[in-house]
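Bear in mind that the values in this text are calculations on the coordinates, not laboratory data. Keep in mind it's a predicted model, so treat the numbers as computed, not measured. Note: ideal-geometry Cβ built from the backbone for every residue, glycine included; neighbour counts use all protein chains shown.
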Amino acid sequence: MAVRSERARVRRWRRYLADERAEGALYRELAGRYTGEEREILLGLADAEQRHERHWVRLLGDEARDARASLGSRLLIHMARRFGSLFVLALAQRAEGRSPYDADADATVAMAADERIHGEVLRGLAARGRRRLAGGLRAAVFGINDGLVSNLALVLGVGATGLPATAVLITGVAGLLSGSLSMGAGEYISVRSQRELLAATQPDPESQSALPHLDVDANELALVYRARGMDPAQARAHAQQVLATLHLDDAGSAAEPDAVDEDGIGSAWGAALSSFLFFASGALIPVLPYLLGATGLTAVTIAAASVGLALLATGAIVGLLSGGSLLRRALRQLGIGLGAAAVTYLLGLLFGTTVG
């Protein structure tokens, strides 16, 4: 019994050793995708995993031969070589958060603490990518889910009234096109309106030409900065600095450095096209069974199951990128989406029965 227990212990240590080596390799692989501070941070994590590796080597002694890393560790390295680093950082953050060292007496307290801190380091690195992705992810998730849920609800509601499959298909295609065009048009108007609103806050180019002629003692430029939210002392100091460093361009007008940057808003046409495509890709799924010739309950079941899988996938992706529970986010998307579709299906059944 003692021999079997010791063998199990050695196997566990060798698994830890293999995973530490794999995690070190993962961080070095990711470091190759970065420069500057982020690269140094990832290489620092790799060095920490090397310290943990040496701990298990000391315990294993002659048994410290190569062992196969866990499937999850090997998949992470594979993904680091081929996919975006944000996904890998999010997965690595989750892996560090599930470290077994807290409950293993053979791991030191410092190692367990290291693993918890590694998770926070990865959270910080991933946060930069999450902030950059947040707007695009919101639009993608909203567009796809809107297409999935609204068109499934439309197809099921119409199908439940007893109309023939051809009528349901036409309704679904019409819902796809109308919803996609509406989403695209709405996004275009939204982005254009946002750009126009921000443009209205930028300094008027005509007013810039007046700057060189201002009375320095009665500096009305300070009023501009007070209108932008500065207190009187800050406004006066900033106005004096602007006038002191004022330079003229070739046309003789003053260059003022406080223009609003609109680069983060994006193109209105690009936003419209992406919203159109996201909605259409979601709305196509509940229509596919009818396009492929399915009818009746078979088509309803396939459409609902396909949309359910898509909702689970989008929920899991949101969970992964947000660092939350994949299962909880996936089930939340599924429950909300299919719940809304079920309501319209029941209303369709009721309406069909009433008409009949």
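Remarks
- Among residues other than ARG12 with Cβ under 9 Å from its Cβ, the summed charge is +2 (Lys and Arg +1, Asp and Glu -1).
- Amide H contacts of GLY32 (H built 1.01 Å from N, under 5 Å, at least 5 apart or other chain): none
- Scoring 29-41, 169-181 by mean Cβ neighbours within 10 Å over their residues and listing the highest first yields 169-181, 29-41.
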